[in-house]
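*Asks:* Supplied in structure tokens, the structure appears directly below.
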Amino acid sequence: MDLNGSSAVVTGGGNGIGKALCLALASEGVNLAVADIDGAAAQAVAEEAKGAGVVAIGVATDVTSEDSVNALADAAWEAFGTVAILVNNAGVMHPTAPLATTSAADFDWVFAVNVRGAMNGIRAFVPRFIASGQESRVVNTASEHALGVPHIGGGLYTASKHALLGLSDVLRREVPEHVKVSVLCPGIVASTLWRASERRQADFGGAASAPEAAGAFMDQIGMPADEVAAHAIKRIKAGDFHIVTHPHAVGIARARWDELKGAFAAQAPRREGDAKYDLEPIMRQLMAQPTTQQGGGS
Ligand SMILES: NC(=O)c1ccc[n+]([C@@H]2O[C@H](COP(=O)([O-])OP(=O)(O)OC[C@H]3O[C@@H](n4cnc5c(N)ncnc54)[C@H](O)[C@@H]3O)[C@@H](O)[C@H]2O)c1
């Protein structure tokens with residue numbers, strides 16, 4: 001995909017990976033709607049992006065609100081006439097804690113931002129991408145936490161990033177050829193993610209102080225966000241599904257696969273006639289019928 005002259009919307013674009021993606025896209029000649037719950041940060045990134053000679057707007061957006069994301073889509077189409085790239089990047093991390101003592105409020109918050117936020121983006125943008133017939137991209141920022149379990153203590157975050165991988169993997173099979181879906185799966189990146197709770201909306205318990213030690217740690221060992229962004233832009237152009245950045249994370253994916261492979265070998269090895277339980281061709285047939293709304297799953 002030739003990015004030059006196209007337009008993109010990046011949620012969580014006011015800081016960290018989102019900001020780096022915005023600036024990398026601008027340097028490729030992409031017009032930008034920088035969306036963030038921190039409207040001033042979004043505006044500042046838009047101003048910086050304009051330095052690359054593109055049109056850029058900052059839009060105060062709360063991705064947990066469907067109305068807010070729909071208004072973002074309207075603002076982007078009004079500013080650019082068309083949009084070809086959506087990056088569902090806004091995300092939050094809860095304070096590290098074992099799952100058994102993690103609060104219900106944190107569950108609601110993490111899933112509202114990380115998962116419902118992306119779904120709000122998918123609903124607001126994907127039908128327009130499909131209708132446009134133009135080459136388009138949907139990028140969901142997940143994490144190495146989508147590939148397995150990098151560490152304990154981040155259970156809600158891990159679960160939310162698994163959900164994003166699932167959403168992305170289904171979405172890519174539901175959209176026409178001209179819409180490509182990517183899932184960005186970085187390991188640790190230097191960013192302000194550790195301060196997420198300082199921006200927690202009132203509906204989810206309001207602002208709370210963030211652990212300084214986590215910030216020092218992220219800055220110390222995190223990959224620079226512009227390195228992640230520069231790599232991601234190349235893969236977005238190519239339309240790759242998995243966008244991976246941290247080589248060690250292959251071990252996380254491999255550990256899961258090795259364990260699963262062992263479980264199947266021991267408990268349910270392939271046998272004659274077992275394909276009769278395969279839902280995929282049945283669901284494909286059902287979904288091809290225009291009025292089909294039935295659910296299915298296992
Ligand atoms: N930093 C890492 O180590 C790392 C690793 C893998 C994946 N990620 C993911 O990358 C994405 C970006 O995170 P980051 O590390 O750049 O963190 P960050 O905190 O620097 O940036 C996240 C941005 O999202 C915004 N945001 C938070 N809630 C929002 C909401 N409700 N609506 C709109 N915007 C909202 C914040 O204001 C912030 O500007 C997240 O999805 C995160 O989970 C981060």
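The values are calculated or read from the model by the stated rules, or taken from the named source; none is laboratory data. Predicted model, so just to flag it, every value in this text is computed and none were measured. Backbone-built Cβ (ideal geometry, glycine too); neighbour counts: all protein chains shown.
*Asks:* Looking at the range 32-44, which of its residues are surrounded by 24 or more Cβ atoms within 10 Å (Cβ to Cβ) and either over 27 Å from Glu198 (Cα atoms) or near the ligand (Cβ under 10 Å from one of its atoms) (or both)?
*Replies:* Applying the first criterion (surrounded by 24 or more Cβ atoms within 10 Å (Cβ to Cβ)) to the range 32-44 yields 32-36, 42.
Hits for the range 32-44 are Val34, Ala35, Asp36, Ala42.
*Asks:* Based on what the data block shows, is Phe241 surrounded by fewer than 17 Cβ atoms within 10 Å (Cβ to Cβ), under 21 Å from Lys19 (Cβ atoms) and either in contact (Cβ under 8 Å) with a residue 60 or more places away in the chain or within 13 Å of the ligand (Cβ to nearest atom) (or both)?
*Replies:* For Phe241, the condition - surrounded by fewer than 17 Cβ atoms within 10 Å (Cβ to Cβ), under 21 Å from Lys19 (Cβ atoms) and either in contact (Cβ under 8 Å) with a residue 60 or more places away in the chain or within 13 Å of the ligand (Cβ to nearest atom) (or both) - is not met.
*Asks:* Next up: Only one residue in Leu32, Leu72 is at pLDDT 95 or above, more than 24 Å from Glu227 (Cβ to Cβ), of a type outside the set (Gly, Ala, Ser) and not in a loop (DSSP other than H, G, I, E, B). Which one?
*Replies:* That would be Leu72, the only listed residue that is at pLDDT 95 or above, more than 24 Å from Glu227 (Cβ to Cβ), of a type outside the set (Gly, Ala, Ser) and not in a loop (DSSP other than H, G, I, E, B).
*Asks:* If you scan the range 78-95, which residues turn out to be assigned to a helix (DSSP H, G or I), surrounded by fewer than 16 Cβ atoms within 10 Å (Cβ to Cβ) and either within 14 Å of the ligand (Cβ to nearest atom) or of a type outside the set (Asp, Glu) (or both)?
*Replies:* Correct list: empty.
*Asks:* Name, by its number, the condition in (1) within 29 Å of Pro127 (Cβ to Cβ); (2) assigned to a helix (DSSP H, G or I) that does not hold for Thr158.
*Replies:* In the conditions (1) within 29 Å of Pro127 (Cβ to Cβ); (2) assigned to a helix (DSSP H, G or I), Thr158 misses (1) alone.
*Asks:* Separate question: From His151, His145, which residue is surrounded by fewer than 23 Cβ atoms within 10 Å (Cβ to Cβ) and within 16 Å of the ligand (Cβ to nearest atom)?
*Replies:* After ruling out the rest, the residue left standing is His151.
*Asks:* Could you tell me whether Gly58 is more than 17 Å from the chain's Cα centre (by Cα) and either surrounded by fewer than 17 Cβ atoms within 10 Å (Cβ to Cβ) or free of Cβ contacts under 8 Å to residues at least 24 places away in the same chain (or both)?
*Replies:* Here the answer is no, as Gly58 does not meet what is asked.
*Asks:* Do we have any residue at all in the range 96-107 that's within 14 Å of the ligand (Cβ to nearest atom), within 19 Å of Ser182 (Cβ to Cβ) and either of a type in the set (Val, Ile, Thr) or modelled with pLDDT of 95 or more (or both)?
*Replies:* no
*Asks:* With respect to Asp67, is the statement that it is in contact (Cβ under 8 Å) with a residue 24 or more places away in the chain, within 16 Å of the ligand (Cβ to nearest atom) and more than 29 Å from Gly239 (Cβ to Cβ) true?
*Replies:* No, not satisfied.
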